[in-house]
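Have a look at the structure below, then the notes.
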Amino acid sequence: MIPALALYGIEKRFGSTRILRGVDLSVEPGERHALIGPNGAGKSTLFNLIAGGTRPNAGRIDLFGAEITRLAPAAITRRGLARSFQSTSVFARLSVFDNLRCAALLAERKRARWWQRFAGSRTVDARAEQVLDAVGLSVRRDVWAGTLSYAEQRALDLGIALAGGAHTLLLDEPTAGMNRSEAARAIELIREATAGRTLLMIEHDMDAVFAIADRISVLVQGRVIASGAPAAIRADAAVRDAYLGAGFGAGLGT
Ligand SMILES: Nc1ncnc2c1ncn2[C@@H]1O[C@H](COP(=O)(O)OP(=O)(O)O)[C@@H](O)[C@H]1O
Ligand SMILES: [Mg+2]
């Protein structure tokens, strides 16, 4: 099967510092893949490379078998990859529903030929309604997005990516800044709302990781030191060492 996302030998330097040292990573279509690792390991840098925010010094990135390594961020988004939970995509003075409608409309415009646009706003509205429900914001449908709580803004941000038709989602620490119950709810919501799509997620909360991930990759000092099913990662001695060294040992459980 062609992977949804495949990274080959990714190298990234900032000045003379090698941040990523030959990263290989493969995510299957529909898989929920968690990327874990100590602070400063290079996880966010890797996401930025995938999304086109910066370019690697070496290596190749494929999205469903087509190379995207040197494409601009907008071109990568058009191919169905969205980096979410940045909250930059939310229009504060539009209603929650209109934010989703905008995203759905833009996606529709990009795809449709003029003769296909007659279905028009009804398709767009239906899609926005469906996503609104999926991300649990139906009761907040008509309020300004700017008035949402932090957790709700993040749910809306995910909704915007979904309404925009993304098939592959990158989420960088989606539960950061949330308390335990908010985090658990957010993970459940992500799990349900992204069903059938490919998810690559950076997450520190090990409960969240084990609740959602089909596979886990561990990035330490710019290298993937392990990649596999949650049970295998939990049992991996190198992973334990890396985490214990960084003071994360307790999070891996037994
Ligand atoms: N634009 C940049 N210029 C220089 N160094 C950077 C830049 N971005 C990140 N770094 C460095 O790269 C390393 C990895 O950062 P990052 O990818 O944010 O790690 P993580 O997300 O795993 O915590 C850190 O040491 C960070 O200081
Ligand atoms: Mg980071």
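The values are calculated or read from the model by the stated rules, or taken from the named source; none is laboratory data. Everything numeric in this text was worked out from a predicted model, so none of it was measured. Cβ coordinates were reconstructed from backbone atoms using ideal geometry, including for glycine residues, and neighbour counts include every protein chain displayed. Just the protein is used for accessible areas: all its heavy atoms, side chains included, with ligands, DNA and RNA removed. Shrake-Rupley method; radii C 1.70, N 1.55, O 1.52, S 1.80 Å.
Some notes on this structure:
- Count - residues of the stretch 126-151 that are open to solvent by 50 Å² or more (accessible area, probe 1.4 Å) and not in a strand (DSSP E or B): 13
- Tallying residues that are over 17 Å from residue 239 (Cβ atoms), more than 9 Å from ligand 1 (Cβ to nearest atom) and open to solvent by 10 Å² or more (accessible area, probe 1.4 Å) within the stretch 18-51 yields 10.
- Single condition residue 232 does not satisfy, out of (1) part of a loop (DSSP other than H, G, I, E, B); (2) without any contact (Cβ under 8 Å) to a residue 24 or more places away in the chain: (1)
- Matching residues in the stretch 11-43 - criterion: being among the hydrophobic types (A, V, I, L, M, F, W, C) and within 24 Å of residue 241 (Cα to Cα): 19, 20, 23, 25, 34, 35, 36, 41
- Candidate set from the stretch 17-59 (those that are under 14 Å from residue 170 (Cβ atoms) and among the small types (Gly, Ala, Ser)); member that is farthest from ligand 2 (Cβ to nearest atom): 52
- Test: residue in the stretch 68-77 that is within 26 Å of residue 238 (Cβ to Cβ) and within 16 Å of ligand 1 (Cβ to nearest atom): no
- Residue match in the stretch 191-200 (condition: within 22 Å of residue 168 (Cβ to Cβ), part of a loop (DSSP other than H, G, I, E, B) and basic (Lys, Arg)): yes
- Look at the stretch 25-44: where a residue is touching a residue at least 24 places away in the same chain (Cβ under 8 Å) and not assigned by TED's automatic domain parsing to the domain that holds residue 223, no partner that is within 9 Å of ligand 2 (Cβ to nearest atom) and part of a loop (DSSP other than H, G, I, E, B) sits 6+ places away or on another chain with Cβ atoms under 7 Å.
- Residue among 142, 133 that is at pLDDT 80 or above and in contact with a strand residue (DSSP E or B) (Cβ under 9 Å, 6 or more places away or on another chain): 142
- Within the stretch 88-109, being more than 13 Å from residue 158 (Cβ to Cβ) and aliphatic (A, V, I, L, M) holds for 92, 94, 104, 105, 106, 107.
- Residue that is of a type in the set (Gly, Ala, Ser), buried (at least 19 other Cβ atoms within 10 Å of the Cβ) and on the phi < 0 side of the Ramachandran plot, where the choices are 163, 229: 163
- Of the residues making up the stretch 78-90, just one is open to solvent by 60 Å² or more (accessible area, probe 1.4 Å) and at pLDDT 90 or above, namely 79.
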